[in-house]
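Report on the structure given below.
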Amino acid sequence: MHAVLPPTCLACRKPAGASGGLCSQCWQSAGFIERPYCERLGTPFSYDSGGPLISPAAFADPPAFDRARSAMRFSDVARDLVHLLKYGDRLDLVKPFATWMMRAGGEILHEADAFVPVPLHWTRLFQRRFNQSAELSRAISARTKVPVIDDALTRVRATPPQVGLAREERAKNVHGAFAVEKAMRAKVKGKRIVLVDDVLTTGATANACARILRRAGAARVDVLTLARVVDPA
Ligand SMILES: [Zn+2]
């Protein structure tokens with residue numbers, strides 16, 4: 001005989017409801033992103049003006065990617081969850097993350113030809129043993145049947161962690177860090193790509209990757225992440 005354990009919250013391990021993966025408290029503070037949001041950047045608006053919206057930030061500084069979507073704000077809960085996946089080897093989190101990302105991805109997943117994970121430099125991959133972006137890509141691919149192009153992007157240069165860097169420094173940090181190898185160009189050409197990553201912060205990495213994929217002939221590059229930093233303003 002074995003006891004049936006009640007489901008526990010993925011973030012805090014307290015008893016959670018029957019489904020969803022988070023307890024009600026973590027669910028509330030996770031800050032899942034819903035419309036209205038900027039159709040380009042995916043950043044939530046605090047008010048609903050009724051129509052499709054593009055934020056002033058997207059006009060002032062247009063991203064190199066077409067559209068970005070994220071499941072949740074980079075809240076404390078999101079930070080804990082990402083940390084558990086990356087450093088706690090909690091690969092069981094990939095599936096629920098994929099579910100949340102698919103919900104957020106909506107129309108960009110509908111129009112996607114292929115997923116491309118943001119690569120880790122091999123030295124970091126060696127330390128961590130897996131690339132969280134590749135794991136997330138594979139989990140979403142398994143359910144959407146949209147293929148993953150492994151190694152479409154290569155990290156040609158190890159970059160210091162982006163943590164603690166300002167926007168400008170982040171862009172400089174990842175400049176020239178990615179490449180599409182010659183052999184991969186034919187796979188990327190003409191494709192509507194969804195770039196997958198765990199967190200979108202200033203968008204420096206997403207922009208650097210999108211620029212390189214476009215240069216390799218990608219028809220469009222959308223971005224899908226689990227979480228994104230949202231300025232309180
Ligand atoms: Zn919880």
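Consider the stretch 1-20. How many of its residues are in a loop (DSSP other than H, G, I, E, B), more than 19 Å from the chain's Cα centre (by Cα) and either within 9 Å of the ligand (Cβ to nearest atom) or modelled with pLDDT of 90 or more (or both)?
So the answer is 5.
Determine if the stretch 36-43 includes at least one residue that is surrounded by fewer than 16 Cβ atoms within 10 Å (Cβ to Cβ) and either of a type in the set (S, T, Y) or within 16 Å of the ligand (Cβ to nearest atom) (or both).
So in the stretch 36-43, the residues surrounded by fewer than 16 Cβ atoms within 10 Å (Cβ to Cβ) come out as 36.
Next, from what is left, pick out any that are either of a type in the set (S, T, Y) or within 16 Å of the ligand (Cβ to nearest atom) (or both): none.
Within the stretch 36-43, not a single residue is surrounded by fewer than 16 Cβ atoms within 10 Å (Cβ to Cβ) and either of a type in the set (S, T, Y) or within 16 Å of the ligand (Cβ to nearest atom) (or both).
Of the residues R155, R167, only one is in contact with a Pro (Cβ under 6 Å, 6 or more places away or on another chain) and modelled with pLDDT under 95; which?
Every option except R155 fails the conditions.
Just checking, how many residues over the stretch 21-34 are surrounded by 13 or more Cβ atoms within 10 Å (Cβ to Cβ), assigned to a loop (DSSP other than H, G, I, E, B) and modelled with pLDDT under 95?
Within the stretch 21-34, residues that are surrounded by 13 or more Cβ atoms within 10 Å (Cβ to Cβ), assigned to a loop (DSSP other than H, G, I, E, B) and modelled with pLDDT under 95 number 4.
Please enumerate the residues belonging to the stretch 81-119 that are over 13 Å from G21 (Cβ atoms), in a helix (DSSP H, G or I) and acidic (D, E).
E107
The values are calculated or read from the model by the stated rules, or taken from the named source; none is laboratory data. None of these values were measured; they are calculated from a predicted model. Reconstructed Cβ throughout: ideal geometry from the backbone, glycine too, with neighbour counts over all protein chains shown.
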